[in-house]
Structure formats: structure tokens, C-alpha cells
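Below: the structure, in C-alpha cells.
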């Protein structure tokens, strides 16, 4: 416990500072889910404010982090302004900010121990945004980093009728997931030298502090979704320096699986900003935010399969 407390203090000391609120900052919202107050932050660019329906990207922060760090590190607001989509940043739960975690079955912390209903939270958030905030039900996407990527995998399995595609950066599947009822396009980013969420699976470097990942390998996740989506044959392989891309296409309902491996890279959002002083440096030769949107924009969910009135 003492070691964990010292860890928390050290992380606070090296956490980045944020500027004061500006007019461009997301608005804050609250939902009550299972008698628990859940917060989210919504960014609606001027370019979509007059649209009746717009795509929406749900961005899930990592563990030991919060929505502000995620927003700063990935820079997706600028992409939303350029391409015309809404961004929503939900908040996970924890003892205090920024040490928040999602319940992704295999990870992490208090969220798993207390069985926090994060799937229910995101499900209700999607419904609310579709009914009240002009989100296009056919273009709801989820992008997650680390523990947030783990939850994205879980959401794709349990909420497949509501999600058009997911992007997972530095995450892992637990191996306990059940296949979804519908195919879900998936893009995966992972550094080959990631010690927090190992590329080949395992507990990760924080296991000694009581935060084991116990995740499966990238190959496991790739095979799982290729089987689910019915796109087992590779259609394109591309090498660009340290970046290795594999695309599996022609799946059910046009679904795809893309796996992007960055050789020698650690635990970070490629092309983003460093989370803390001692965090792994993001690989600068690939912009994961751009790649995510390029992938998302190719996929659309059939609204008739959803349980929400359009």
C-alpha cells in the first residue's frame, strides 16, 4: 500500500499542467447509471452544429489518467473540426482524479473489484447522444487507449448493434469476451516493445503494484476479430520504416480488421503527446488519430439493427 501511495504521489508530481478553460473546451454532462453519477465531456465543432445528424467518436482514456490528458495527448478535437464529427470524452471511476480506471474484465483496479457497469454507462450515453445531441446512430465509433482500449474491445462485443467500428491503441483482450452478435470493424495499434500491455500478452509492468493486465496477445485479438468478422485472409500488407500494417477486408457487412505494429515502440498513442515526463515517447512517424478517422469513415452501421428510434 505504501508503494502504491508513493507511486501515486510521484505520478502527480510529473503530471502535465493544463491551461485554463477556453471557449473551445468541451461542455460537461452527467448521466445517472445504476444510481451512480457518471460524467462525460462533449466537443461539438462549429462545422456540425447545424447538421441534423453527425458522426460521433467516443474517446476512452487510459488507466491512471483522465479525459483531459486523453484530449491533450491525442489531439482529436482538431480532426473533428476538419472532418466534421462530434467527440465525447467519458470519465471512468476511481478514488480521485487522475487515477481513474475502466472495468474491462481483466483490468483494472477498483472498477473491476466493484464491478462498475461501464458497459451500461456507455450504452446509455450512446442512446442519450442519439436522441438528444444529434449523433448519427449509424456512425457511432469508439477509440480507446490502454485500459480504455480494453473497454473498447468489451464494448464491441457487448454493444455491437450500437457501434460502427472501434480503434484500440495499446490495449488487450482478456480472453473472457464472448463473440458479438454482429460484426464490428476493428483497427489495432500496438508497439512491439510495450511493457505496460505486452505485445505478446501477459501481466505487464504494473503487476508488481497490484495492477496486472493479464491480457492476451495482439495476435489473439487480431484472430478473434478476423473470425468474428469473417475476414480471415490478408488483403494488404505494407511496410513503412518501423510501421507494419496488415489489413484483412471483405468481411461480413463490409467489416475489416487492421493491425498496425510499430517496431520498437512502447506504450503511447502514436503521433500524440507524451502523457508524463517518464512516459514512453509516442512514435512520431505515424498519426494514430488520422489513421483512426480514416478507418472509421469507411464504416457505417445499419440503423435498422439498432434498438433506438431514429
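Structure values in brief
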item	result
Residues of segment 165-179 classified as surrounded by fewer than 24 Cβ atoms within 10 Å (Cβ to Cβ), touching a residue at least 40 places away in the same chain (Cβ under 8 Å) and in contact with a helix residue (DSSP H, G or I) (Cβ under 8 Å, 6 or more places away or on another chain), total	4
Segment 103-124, subset under 18 Å from residue 166 (Cα atoms) and either out of contact with any strand residue (DSSP E or B) (no Cβ under 6 Å at 6 or more places or on another chain) or at pLDDT below 95 (or both), residue surrounded by the most Cβ atoms within 10 Å (Cβ to Cβ)	104
Within segment 209-310, strands (runs of 3 or more DSSP E) holding 3 or more residues that are within 25 Å of residue 107 (Cβ to Cβ) and under 19 Å from the mean Cα position of the chain (by Cα)	257-262
Residues of segment 80-124 classified as within 19 Å of residue 156 (Cβ to Cβ), touching a residue at least 40 places away in the same chain (Cβ under 8 Å), in contact with a helix residue (DSSP H, G or I) (Cβ under 7 Å, 6 or more places away or on another chain) and in a helix (DSSP H, G or I), total	2
Residue in segment 129-140 that is surrounded by fewer than 24 Cβ atoms within 10 Å (Cβ to Cβ), free of Cβ contacts under 8 Å to residues at least 12 places away in the same chain and outside any strand (DSSP E or B) present	yes
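One line per residue, one yes/no per condition, for (1) assigned to a helix (DSSP H, G or I); (2) over 17 Å from the mean Cα position of the chain (by Cα); (3) modelled with pLDDT of 95 or more:
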{"residue": "157", "(1), (2), (3)": "yes, no, yes"}
{"residue": "168", "(1), (2), (3)": "no, no, yes"}
{"residue": "173", "(1), (2), (3)": "no, no, yes"}
{"residue": "183", "(1), (2), (3)": "no, yes, yes"}
{"residue": "196", "(1), (2), (3)": "no, no, no"}
{"residue": "206", "(1), (2), (3)": "yes, yes, no"}
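The values are calculated or read from the model by the stated rules, or taken from the named source; none is laboratory data. Just so it is clear, the structure is predicted and the values come from calculations on it, not from any experiment. Here Cβ is always computed from backbone atoms with ideal geometry, including for glycine, and neighbour counts include all displayed protein chains.
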